[in-house]
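Asker: Let me begin by handing over the structure; questions about it come next.
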Amino acid sequence: MKLVYSDRYDLNLGNHVFPSVKYRLTKEQLLRDQIVEPGDFVEPPPASDDDIALVHHREYLRKLQTGKLSYLEVMRLEIPYSPELVRAVWLSAGGSVLAGRLALEDGVAVNVGGGFHHAHPDHGEGFCVLNDFAIAIRRLQKDGSIERAMTVDCDVHQGNGTAAIFGGDHSVYTMSIHQENNYPYPKPPSSLDINLADGVEDEEYLRELSNGLNRALAEFTPDLIFYVAGADPYRDDQLGGLKLSLEGLEKRDRLVFEQARAKSIPVAVTLAGGYARRLEDTIQIHSNTIRVAKEFARS
């Protein structure tokens, strides 16, 4: 199984609730635990402006590239603007494009980054600048590599940007399972939204996810699933109010891959959010996701 990764994914945010150093630390743990080998990692090219413009407005891209975002636009991002940030998100978008292509070849591939599901066509928000996997879907559709895609978003926060991008598009099915009483507000409708109450634990979460996947895959047959594997449903996450255990999150991952394999659908993984009080827990959750993913890859 190939893992798409760049050291330049790090947004260099310093002491910020979003620990963008987690990408490098996840890679290091995967190697230390011998889950993967150095040769399994693939460096992505940055997405082209034309690729990104399949989803985002050209004027928004221009402002990002020239540092012309307004004060309010930067505030909405909730992360500081820098040239390093722009470089990182262009790379992350390219990483999801590459992960999608590799998943079509190998059954499963992982972008050790990405999952920036709050980014809208004309703005970023909630730590998300570009919606990397939406860009990947549009690029793969334009290439003719796929016709239909599904997003399975298991971040604790609803994927509002993804819902807005693909709303009314019958070639993409968007599913989001999330804490209802949490960011973002408002929540534009996904194809299927599973709104969970505060404090939901493993058993209820896994039951709701299983039912949701069964419904989604009965209603829609995709050529590729983008699995947004957020670590933030964890019970000790600073920005989440669900109560999943490490074991429950691993069962979540396995459930997604099992359902996809049963239908012979390739899966591209993006890691998305994770803000545990102990950074080690976020790293462990992401590492577990990748370990489970590897079990379902063809090579």
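Asker: Considering only segment 151-174, how many residues are of a type in the set (Gly, Ala, Ser), assigned to a loop (DSSP other than H, G, I, E, B) and crowded, with 24+ Cβ neighbours inside 10 Å?
Answerer: Qualifying residue count, segment 151-174: 1.
Asker: Moving on to the next point. When both residues are 6+ apart or on different chains and their Cβ atoms are under 6 Å apart, which pairs have a first residue that lies in segment 88-114 and is of a type in the set (Phe, Trp, Tyr), and a second that is outside any helix (DSSP H, G or I) and crowded, with 24+ Cβ neighbours inside 10 Å?
Answerer: The qualifying pairs are Trp90/Ala47.
Asker: Pairs, please: C-beta under 6 Å, at least 6 apart or cross-chain, first residue touching a residue at least 40 places away in the same chain (Cβ under 8 Å) and in segment 242-265, second charged (D, E, K, R) and part of a helix (DSSP H, G or I)?
Answerer: Leu244/Asp202; Ser245/Asp202; Gly248/Asp202
Asker: Of the residues that make up segment 194-202, is at least one buried (at least 19 other Cβ atoms within 10 Å of the Cβ), closer than 26 Å to Ala99 by Cβ and either without any contact (Cβ under 8 Å) to a residue 12 or more places away in the chain or not β-branched (Val, Ile, Thr) (or both)?
Answerer: No, because not a single residue in segment 194-202 is buried (at least 19 other Cβ atoms within 10 Å of the Cβ), closer than 26 Å to Ala99 by Cβ and either without any contact (Cβ under 8 Å) to a residue 12 or more places away in the chain or not β-branched (Val, Ile, Thr) (or both).
Asker: So which of Arg148, Arg207, Arg254 is touching a helix residue (DSSP H, G or I) at 6+ places or on another chain (Cβ under 8 Å) and modelled with pLDDT of 95 or more? Can you show your working first?
Answerer: Values: Arg148 fails: touching a helix residue (DSSP H, G or I) at 6+ places or on another chain (Cβ under 8 Å); Arg207 fails: touching a helix residue (DSSP H, G or I) at 6+ places or on another chain (Cβ under 8 Å).
Among Arg148, Arg207, Arg254, only Arg254 is touching a helix residue (DSSP H, G or I) at 6+ places or on another chain (Cβ under 8 Å) and modelled with pLDDT of 95 or more.
Asker: Can we say Gly230 is within 18 Å of the chain's Cα centre (by Cα), in a loop (DSSP other than H, G, I, E, B) and at pLDDT 95 or above? Step through it out loud before you land on a result.
Answerer: On the way: within 18 Å of the chain's Cα centre (by Cα): yes; in a loop (DSSP other than H, G, I, E, B): yes; at pLDDT 95 or above: yes.
For Gly230, the condition - within 18 Å of the chain's Cα centre (by Cα), in a loop (DSSP other than H, G, I, E, B) and at pLDDT 95 or above - is met.
Asker: Filter segment 261-282 for residues that are outside any loop (DSSP other than H, G, I, E, B), aliphatic (A, V, I, L, M) and surrounded by 24 or more Cβ atoms within 10 Å (Cβ to Cβ) and give the result.
Answerer: Restricting attention to segment 261-282, the residues satisfying the condition of being outside any loop (DSSP other than H, G, I, E, B) are 261-262, 267-270, 276, 279-282.
Among the residues that remain, those that are also aliphatic (A, V, I, L, M) are: 262, 267-269, 276, 279.
Val267, Ala268, Val269, listed by residue number.
Asker: How many residues does segment 155-185 contain that are over 18 Å from Asp132 (Cβ atoms) and either over 20 Å from the mean Cα position of the chain (by Cα) or of a type in the set (Asp, Glu) (or both)?
Answerer: Looking only at that region, the number is 4.
To keep it simple, each residue is scored yes or no on (1) in a loop (DSSP other than H, G, I, E, B); (2) touching a strand residue (DSSP E or B) at 6+ places or on another chain (Cβ under 9 Å); (3) over 25 Å from Lys2 (Cβ atoms).
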position: Val36; (1), (2), (3): yes, yes, no
position: Asp50; (1), (2), (3): no, no, no
position: Lys68; (1), (2), (3): yes, no, yes
position: Arg76; (1), (2), (3): no, yes, yes
position: Trp90; (1), (2), (3): no, no, no
position: Gly94; (1), (2), (3): no, yes, no
position: Arg101; (1), (2), (3): no, yes, no
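Asker: Further question: Report whether or not Glu59 is more than 18 Å from Ser20 (Cα to Cα), loosely packed, with under 14 Cβ neighbours inside 10 Å, in contact (Cβ under 8 Å) with a residue 24 or more places away in the chain and not β-branched (Val, Ile, Thr). If you could, list the steps in order and put the result at the bottom.
Answerer: Numbers: more than 18 Å from Ser20 (Cα to Cα): yes; loosely packed, with under 14 Cβ neighbours inside 10 Å: yes; in contact (Cβ under 8 Å) with a residue 24 or more places away in the chain: yes; not β-branched (Val, Ile, Thr): yes.
Against the criterion (more than 18 Å from Ser20 (Cα to Cα), loosely packed, with under 14 Cβ neighbours inside 10 Å, in contact (Cβ under 8 Å) with a residue 24 or more places away in the chain and not β-branched (Val, Ile, Thr)), Glu59 qualifies.
Asker: Of the residues Leu25, Leu64, Leu31, which single one is under 19 Å from the mean Cα position of the chain (by Cα) and either part of a helix (DSSP H, G or I) or over 15 Å from Val129 (Cα atoms) (or both)? Write out each step before concluding.
Answerer: Working: Leu64 fails: under 19 Å from the mean Cα position of the chain (by Cα); Leu31 fails: under 19 Å from the mean Cα position of the chain (by Cα).
After ruling out the rest, the residue left standing is Leu25.
Asker: Let me ask something additional. Limited to segment 1-22, what total is found for residues that are closer than 16 Å to Ala88 by Cβ, assigned to a loop (DSSP other than H, G, I, E, B) and modelled with pLDDT of 95 or more?
Answerer: Within segment 1-22, the first condition is being closer than 16 Å to Ala88 by Cβ, and the residues that meet it are 4-14, 16, 18-22.
Of the ones still in play, those that are also assigned to a loop (DSSP other than H, G, I, E, B) are 5-6, 10-14, 16, 18-21.
When the remaining residues are screened for being modelled with pLDDT of 95 or more, the result is 5-6.
Final tally of qualifying residues: 2.
Asker: Hey, another quick one. Determine which single condition Asp198 fails, assuming it passes every other condition in (1) out of contact with any strand residue (DSSP E or B) (no Cβ under 6 Å at 6 or more places or on another chain); (2) within 24 Å of Tyr5 (Cα to Cα); (3) not hydrophobic (A, V, I, L, M, F, W, C); (4) not in a helix (DSSP H, G or I).
Answerer: (2)
Asker: Can you pull out every residue in segment 142-171 that is within 22 Å of Ala218 (Cα to Cα) and in contact (Cβ under 8 Å) with a residue 40 or more places away in the chain?
Answerer: Residues satisfying the conditions are Ile146, Glu147, Arg148, Ala149, Met150, Thr151, Val152, Asp153, Cys154, Gly159, Thr162.
The values are calculated or read from the model by the stated rules, or taken from the named source; none is laboratory data. In this text, all values refer to a predicted model and were calculated from it rather than measured experimentally. A quick note on method: Cβ atoms are made from the backbone with ideal geometry, for glycine too, and the neighbour counts reach across all protein chains shown.
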